[in-house]
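Rule-based calculations on the coordinates, nothing more; no lab input. This structure is a prediction, so every number in the text was calculated from the model and none was measured. For neighbour counting, all protein chains shown are included, and Cβ atoms are generated from backbone atoms with ideal geometry for every residue, glycine included.
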Amino acid sequence: MTVLKRMANAMVVLVATLFMAGCPPEPLDAIAFSNTSLDFERSELPRFLEVWNDNPNVESFTLAVTPSASWIVVNAQTVTSTGPNNRQTVQVSINRSRLTAGQHTGSITFSANGIVTKEVAVSVTQDTDGNTDTLNVVNPFVLFSSPYLIDFAFSLHDADGNAVVRDPGQFFVSAREGSRTVGSETGVHIQRGTARQLKVALVLDYTLSMQSTNGAIAAMEAAAQNTLLSALNEDALVSVTEFHREDFEATQVVPFTVDRAYTRERINAIQSEVVQGFSAASRMFDAVLDAAGSFSAGSVVEEDRYIIIFTDGNDTSSVATTNDVVNLAKNRGVRIYAINFGTGGLATDLQELTSRTEGMLFSAESVSELDSSFQRIVQDLDGQYTIRWASLARDANPFMPGFTLTLRGDSVSYTATDNFVPTRYAGNGVLEGRLRFVTSDSETATTVFLRADYVPRFIRQFSIYLNSATGFTVSAVDGDNDGLFAGWTMTETPDTENGGVTLFFESPGDPIPFGTFGPLLRVTYDSLLGETDPLFSTVFIDNDIYSMTGGQSFRVDGYENTAPGSGSE
């Protein structure tokens, strides 16, 4: 155990002892900065901030570094200082592609247990929007589902191939069914692609050729931890797979989880715990095939699925072929993105993997370009959208749906290549909303998100009862993470007779958009559930509240709508 770890453990023991004695210590003022604010004005260059421990009564601290907005990019998630002579440097830069024209302010928070939290203000001036407005629909995917739903998922690029990142409210959407323009009654609307359940499998190259380039591994890890993970919605599920020698299978070091701290921790441990100083040749295809196989055969239509590979492209020893990888990825609905590192030119194999799965290929010729390549992937994910509406047609006559998307005078149109036949997608009708739970585990706790796959018209209230053998807390997903209950009031009522809790949500005005999808609630359990432990013993949605509003209802996949105290618990 290092001296730092021993000191940290001693501080934890001291704090715990004081709490047990009923005397929680006051946090100590110990954080000092070279600057308390950073004004980038119109500069494209990064700024540097020095941070250190300025309290002689604190031997050492490790601070979490947390930007308040995704356009603020830092090169470290933690900093450790032992005193005034141990100043740590944090590089701060601005991702201007995520900014609209105008003045923008944010902050970087530095925090640790027992230490007074402090912030550094960040400001920037943006003269124009981060992207040009010439529009191109890229890699469109059309999905038909019940009840009468038509979805177009796509990336939006400008004339230079850059992702166009805008708030959905800035677009005007016109939809058509054949030659007929559909009316507003269909609920036609555009959402960010991230509102759909996102699953990302990271595949990282730790082979000898990568290790031989000074700084490549560290830069790869930093970009994955700080640029990619920080930009994803809180409900995005991320896994990490590494490969490092030809006589070893690839290792999934992180299963799919929403726990960003755990994912970062496991990435930091790959070199010491998995590679252990022994790297050799590459089994890239085998690693990517394993990652594709980690996506379930079901849920393809409810999820946006990606594999992101970071590699120098030099596969030498795989058993799997490009066809094996592409066929499995397409079968599981997975798009492959890749960053090709090095000066040897774009790897043909990576070009084939990405183009045949409708993904994207980026290049980084030097260590200094790695972070910008990851930022381009983040930007492309941000520049993805879904246009949805519920057709009002009820007959068996087929038609080709399409749309026109307009932004500040620029427009782009797209038409599906397959016919929509309304009678095939009636399902249980338009009044029944569809919900499901999505589970994520870390080493210590289970997290569950309640998501909507379809919402009927005029939903301004929602009531759900949850009961579990394991304690939990519930919160609404916020608007920054595309939460459908953002801005709603939540009333929590414990059930003293049966256990569990009833959660009642009410809109301050507008209903949830008709036909939409997205996350609703985050449920955090007090501990890690076992593989056979049920999430809930009872799930009950009070659909009686809609008896006077049109007869809408909701169901949760996998659960009977059982009222508390009915004898089923």
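Of all DSSP beta bridges located in the chain, what percent are antiparallel, nearest 5? Mind dumping the intermediate values first?
Values: 104 of 140 bridges.
Of the beta bridges lying entirely in the chain, close to 75 percent run antiparallel.
Give me the three principal axis extents of segment 432-556 from the C-alpha atoms, as integers in angstrom, largest value leading.
Ordered largest first, segment 432-556 gives principal extents of 41, 35, 23 Å.
Simple spin-label model, 7 Å along Cα-to-Cβ: ASP557 to GLU265 in nm?
According to this spin-label approximation, the distance is 3.0 nm.
Scaled to the compact-protein estimate 2.2 N^0.38 Å, what is the alpha-carbon radius of gyration of segment 197-382, rounded to two decimal places? It would help to have the intermediate numbers written out before the result.
On the way: Rg = 14.7 Å, N = 186, 2.2 N^0.38 = 16.0 Å.
My calculation over the Cα atoms of segment 197-382 gives 0.92.
Quick one: if you stick a label point 7 Å off each Cα along the C-beta vector at ARG42 and THR100, how many nm between them?
It is 2.1 nm.
So what are the three principal axis dimensions of the chain from its Cα atoms, in whole Å, longest to shortest?
75, 64, 52
Given just the C-alpha atoms of segment 327-438, how large is their convex hull per residue in cubic angstrom?
Details: hull volume 22.7 nm³, N = 112.
Roughly 202 Å³ of hull volume per residue.
With each label point set 7 Å from Cα along the Cα-Cβ vector, what nm distance links THR80 and GLU492?
About 3.5 nm, to one decimal.
Kindly identify segment 226-268 as rounded, prolate or oblate by the Cα gyration tensor criterion: order the square roots of the eigenvalues as a ≥ b ≥ c, call it rounded if a/c is under 1.5, otherwise compare a/b with b/c, prolate if a/b is larger, else oblate. All intermediate terms of the calculation are to be shown ahead of the outcome.
Details: a/c = 2.68, a/b = 2.27, b/c = 1.18.
It is prolate, given that a/c is not under 1.5 and a/b is the larger ratio.
Over all Cα pairs of segment 372-429, how is the pair count split among 5 Å bins, expressed in % and running from 0 up to the last occupied bin?
4, 12, 18, 16, 15, 13, 10, 7, 4, 1, 0
GluC sites (Glu not before Pro), restricted to segment 33-139: which are DSSP loop and have at most 15 other Cβ atoms within 10 Å?
Values: sites: GLU41, GLU44, GLU50, GLU59, GLU119; in loops: GLU41, GLU44, GLU59.
Taking segment 33-139 and a limit of 15 other Cβ atoms within 10 Å, the loop GluC sites (Glu not before Pro) found are GLU41, GLU44, GLU59.
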